[in-house]
Structure formats: structure tokens, C-alpha cells
Amino acid sequence: MRWLAVVVLLGACGKHPPPVVGGVSLVLDIPNGVLDPKGFTTVEVVLHEPSGDIARSAKVNADGTFDLGAVDPSTMVSVEATLRNDSGAALGYGRSSADAAFAGGAQIVVPVRRPIAYFAGTVSRDKDGDPNTPGDHWTEVPATFSDLSTGTPLDGTAKVGTQVVMMVTAGPSLYMVTQMTSDPIGALMGTAKVTPVSTADHTVGAALAGSLTGGVTDGAGADDGGTLVIGTTTALFAVNTTTGEITSLASGNFSRVAILTTSTGEIDAVAINNRGLTTGACTPTAELWWATLSGSTPGAHKVATGGFSDVAADRGHAYYVDACGGVLGEVTPAQATMLQQVTPAGAGEPTALAISNGQAYIGVETQPATTSLLVAAIATSGAPRTLWNETAQQVVNATDLPGVQRQLNAGSVEFAHLEVGAGGDYVALTTRAHFDGAEVQDANFPAITMDTEELRVFDAATGGIVQRYRSWCAGVVTFDPFATQIVKWGCASTTGQTAPAPMSNLDHHINSMTFLFGKK
């Protein structure tokens, strides 16, 4: 019998209303700052129970309360909540960090934040003014972000921090990683520090006491905000954000990590050591590792060796894709098990993975220079559907000759990052592409070598592009000394694509990309 009345109260951090007698109070916890969700009219709640999911929605009253109606009590439930406007756009999202009892008199607090995607990296600048000679100077720059609740086009001017090489989110919490760079190749060097950033107003706090060694490569956080796992070129680390303690779990080059909380509350992580993936050739010697982060003795061990190219976690389970076999699989502390074939032999390599609520988003690279984003249901073996597919191209303009352009076709393209945000409303990815344009004597075109990096944010349901931002586009023009050739060239933008203003010092290489409450 469905007898439990559920009254949900919208409250602010530190000001939780008292439980409703005979019902359950579900408190949507917002930080009381300039980044609070605004403009919402409805709340959509999903209760994840062992027997299945219950989805409800309700109008938000003027006093911030809303009523989801009668729901059966449960001894174990996790909660997701999305705040939407009248058009259905997600203006806030959050989820509980652990299972809780859903019964009379209980109070469940769900932190909710705006759907914001952060990315960070470094900049390489020519230091002698001659684009034909090597010797770039590398430096750190502020992180930038896309607030998907406002729809503001990206141009690099939205800044977080000062010298950020990586952003890491842990549920409602946000952290930045700082580290020095080296010339002329841009390798990260020296120790790295982890610093909390307020999700109320982006105020930067004090750095944690511990430090990391090796160049930082990837990071992920637990939904409770208290634990991070960070991979570097020399080790896999666990970070206790409460005490500042940083523990080395294993030695190696860990370039892909994901974190999960099991049904018992244990926090674990999966990671790939020695990924070694190169465009056009998978590497069957990558190692899949499992790390236990809870308890008094965190540690990690190798589970399997293969063509592993990325890992992801969802609802207490961990998954991987194998570029050599073209498969999606699940990993446990004991073994890696294939779940389904993603791509047949010779039809592209799955190299990126993110999963949210049973939906796997898989980035596939097909040579010479095509990237695709596929969507597959974890629980079924049906063929994945294609959300997006594109062959990388870049148009360059002769800056002194209006209307004179040249289209370059990429020689290679690769996925750098893939993550799902706002509970599955958005999926974002970053790519890197390399272009070699041969000299065209009849048109007086010199040889051009170009590299680009882009961020794309998609509507996960339709595949429509919400943001397309080119963070980097730079190259070298090589002139024929015996020919008269067009001298000045610049990168052109395509329809719907934004980029930093020229010479604004806001462009950068993307080292990391992450959502608040993201899934990777």
C-alpha cells in the first residue's frame, strides 16, 4: 500500500527545515551564493531503489516547497534531483552521496549546483617571434568554464584561479591542481598542489597540506567531496580533502582514472597504467588497476593487461573500453569482463568512456581523422546509436586577402576527455587534431602545419550542440624560397563555433575537463 506522504522542502546550506512528521523531508541544499541555481519552476526527483527507479516531478511553490505525493517507504535509496525551467532546461542538479532510509520522519539532504563544465590547461607561446623556429615558452593559465544554465557562449573570459593545470570535481565540491611547466615541450614538473574552490562564488581557498609528484594527468572525486583520486606520470594518489593527506597507492604512469562508491559505502577507484595509446594503433600492454580508498590502509593492485583505453564508474560499478578489442566491459577487484562489442574489427577504436544511469557514452576514433560519439545501454546488447560523427577539418584565412581561404583535412584526431553532466542532460568532450597542408604552387599557398583543440557540449537526448569552443589553433607556415606565396594566415571559425579573441592570451591546451556532479 502506498501510504507514505512525501513533502519536499527547498532549503539553503546550514538552514535545513525540520522533518515533516509522518513523511520525509528532502532538502535540496544550495550554497547561498552568486552561483546558486536561479529561474527554476519545477523539480524532478529520481529515487533509486533496489527494486527499481521511481521518478516524480512537481511545481516549486513560492515558499520553496513542493510535494511529490505518496511513495512507498524504503530501507535503501539514493536520490537525484534536477531543477528545471518551464522549457525543461536543467538549471540545477545534484545527487545524494550515499544510500539512505526513505521512511517516515527521515530527512535526506541532496546538494544541488548549477550545471557548470570546467576545463583547464596550459599555454605555449613562441618566445622569439619567429614561427618557423622551435622554442615555445609554456606557462599555466586560469581555468575557464561554461555555465550551461545561462547559455553564455564561451570565449575564455570566464576565469577560475590563476595558474591551473587541472580541475577536479567531487560531487558538489570543486578543486584545482597547480603545477609548473617546463620549456620547450611543456611537460608538467615539480610537485603539484590541490586547492579547494568554492562552488558558491569561485573563491579560491588555501591549498591542502600534501602534494603530488609527477605530471598530473587525470583526476576524479567521490560524491561526498571528501576523497579524490589523481593519476600522474609517476604514481596513482588518493587525496583526503578533509585532512589534506595524500597517499601514493601505486607507482606507474596513470593517465585515466574514475571513482565509485559501492552499496556498502566503500570508496574505490579504477585506473589505467601505461595507456600508451597512439592515434591509429592500439596498445595491448595497458594495465587496468583497482584501488581501495576507504579504510586505514588504502592500496591498489593490477587486475588485467590489454588494450584498455578509458574507464568510467556509475551506480557503484566500474567499466572500461578496450581499443584493441573494440569492446565495453565491467571491472571488479578480481577481473575484467566483456559486456558487449562496441565496434567490429577495423571499424574504429573506442578510446573514451563516460556512463550515467546505465547509459554508456563511447568516443570512437576512426582513421584517418574521424571521431564519433556512440550511446549504448549497459543492460542490453543492442547496437549502439550514433549521437555525433565528424571528420576533422580546419579552414584558414589569408588575413590580408579577404575571401581567400584554404581548407585543411586532419591527418589525425583523438579524444582527450569525455564526461556526462547534469545527470545525463549533457555530454561533453574534447578533441585534439593535427593538420598537414602541402604547398599548393598554383594558388601561391605555402605549406601549413596546424594543431587544434576543441570542447563540445551536446544535448545528450538529441545530439544537438550546446557549446562548441575552439580553445587552441596554432601552426607553422613554411615558405618556398623560390616562390611568391601568401604570407599571413589565420584560423577561421565555423558556424556556431566560438574561440578566444586573437592575441587575448585566453587560448590554451586543454589538460582537463569536468562537470560539477559529472560522471566519467
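The values are calculated or read from the model by the stated rules, or taken from the named source; none is laboratory data. This one's a predicted model, so the numbers in the text were calculated from it and none came from an experiment. As a convention, Cβ positions derive from the backbone with ideal geometry for all residues, glycine included, and neighbour counts pool all protein chains shown.
Just checking, does the stretch 23-41 include any residue being modelled with pLDDT of 90 or more, among the small types (Gly, Ala, Ser) and in contact with a strand residue (DSSP E or B) (Cβ under 7 Å, 6 or more places away or on another chain)? Yes - at least one qualifying residue is present in the stretch 23-41. When the stretch 26-67 is filtered for residues that are outside any loop (DSSP other than H, G, I, E, B) and under 25 Å from the mean Cα position of the chain (by Cα), the ones remaining, listed by number, are Leu28, Asp29, Ile30, Val43, Glu44, Val45, Val46, Leu47, His48.
Here Thr162 meets each of (1) surrounded by fewer than 21 Cβ atoms within 10 Å (Cβ to Cβ); (2) in a loop (DSSP other than H, G, I, E, B); (3) among the polar types (S, T, N, Q) with one exception, condition (2). Just so you know, in the stretch 327-347 the residues that are within 16 Å of Ser372 (Cα to Cα) and buried (at least 21 other Cβ atoms within 10 Å of the Cβ) include one that is modelled with the highest pLDDT, and it is Leu328. Cβ-Cβ distances below 6 Å connect the following pairs, each with a first residue in the stretch 53-71 that is surrounded by 13 or more Cβ atoms within 10 Å (Cβ to Cβ), a second residue that is among the acidic types (Asp, Glu), and a separation of six or more residues or different chains: Ser57/Glu44; Ala58/Asp67. The set of residues in the stretch 346-371 that are assigned to a strand (DSSP E or B) and farther than 14 Å from Ser412 by Cβ comprises Pro350, Ala352, Leu353, Ala354, Ile355, Ser356, Gln359, Ala360, Tyr361, Ile362, Gly363, Val364. Here the condition is being over 17 Å from the mean Cα position of the chain (by Cα) and surrounded by fewer than 23 Cβ atoms within 10 Å (Cβ to Cβ); of Gly214, Gly225, Gly190, it holds for Gly190 alone. Can you confirm whether Met180 is modelled with pLDDT of 95 or more and within 16 Å of the chain's Cα centre (by Cα)? Against the criterion (modelled with pLDDT of 95 or more and within 16 Å of the chain's Cα centre (by Cα)), Met180 does not qualify.
Report those strands (runs of 3 or more DSSP E) wholly inside the stretch 433-520 carrying at least 1 residues which are modelled with pLDDT of 95 or more and under 19 Å from the mean Cα position of the chain (by Cα). In the stretch 433-520, 447-459, 465-478, 509-515 are the strands (runs of 3 or more DSSP E) which contain 1 or more residues that are modelled with pLDDT of 95 or more and under 19 Å from the mean Cα position of the chain (by Cα). A count restricted to the stretch 394-431 and to residues that are in a strand (DSSP E or B) and without any contact (Cβ under 8 Å) to a residue 40 or more places away in the chain stands at 1.
Of all residues in the stretch 26-48, those satisfying the criterion of being of a type outside the set (S, T, N, Q) and under 19 Å from Gly151 (Cβ atoms) are Val34, Leu35, Asp36, Pro37, Lys38, Gly39, Phe40. Scanning the stretch 227-250 for residues that are of a type in the set (Gly, Ala, Ser) and outside any strand (DSSP E or B) turns up just one, Gly244. Considered as a group, the residues in the stretch 72-94 that are more than 27 Å from Ser146 (Cβ to Cβ) and either among the charged types (D, E, K, R) or more than 32 Å from the chain's Cα centre (by Cα) (or both) include one that is surrounded by the fewest Cβ atoms within 10 Å (Cβ to Cβ), and that residue is Thr75. The residues of the stretch 193-207 that are free of Cβ contacts under 8 Å to residues at least 40 places away in the same chain and among the β-branched types (Val, Ile, Thr), listed by number, are Thr195, Val197, Thr203.
In the stretch 354-366 there is no residue matching the filter, namely being over 24 Å from Gly421 (Cβ atoms) and touching a Phe, Trp or Tyr at 6+ places or on another chain (Cβ under 6 Å). Give me the residue from the stretch 348-383 that is farther than 19 Å from Thr431 by Cα and polar (S, T, N, Q) and, out of that set, modelled with the lowest pLDDT. Going through the qualifying residues, I end up with Ser381. Filtered by the rule that a residue be surrounded by fewer than 20 Cβ atoms within 10 Å (Cβ to Cβ) and farther than 17 Å from Phe515 by Cβ, the stretch 446-467 gives Ala447, Thr449, Asp451, Thr462, Gly463, Gly464.
Selection of strands (runs of 3 or more DSSP E) fully inside the stretch 252-304 by the criterion of at least 3 residues being within 15 Å of Val239 (Cα to Cα) returns 254-261, 267-273.
No other residue among Asp451, Asp480 is farther than 22 Å from Asp147 by Cβ and in contact with a helix residue (DSSP H, G or I) (Cβ under 9 Å, 6 or more places away or on another chain) apart from Asp480.
For the stretch 378-389, filtering for residues that are part of a strand (DSSP E or B) and either surrounded by 20 or more Cβ atoms within 10 Å (Cβ to Cβ) or more than 20 Å from the chain's Cα centre (by Cα) (or both) leaves 1.
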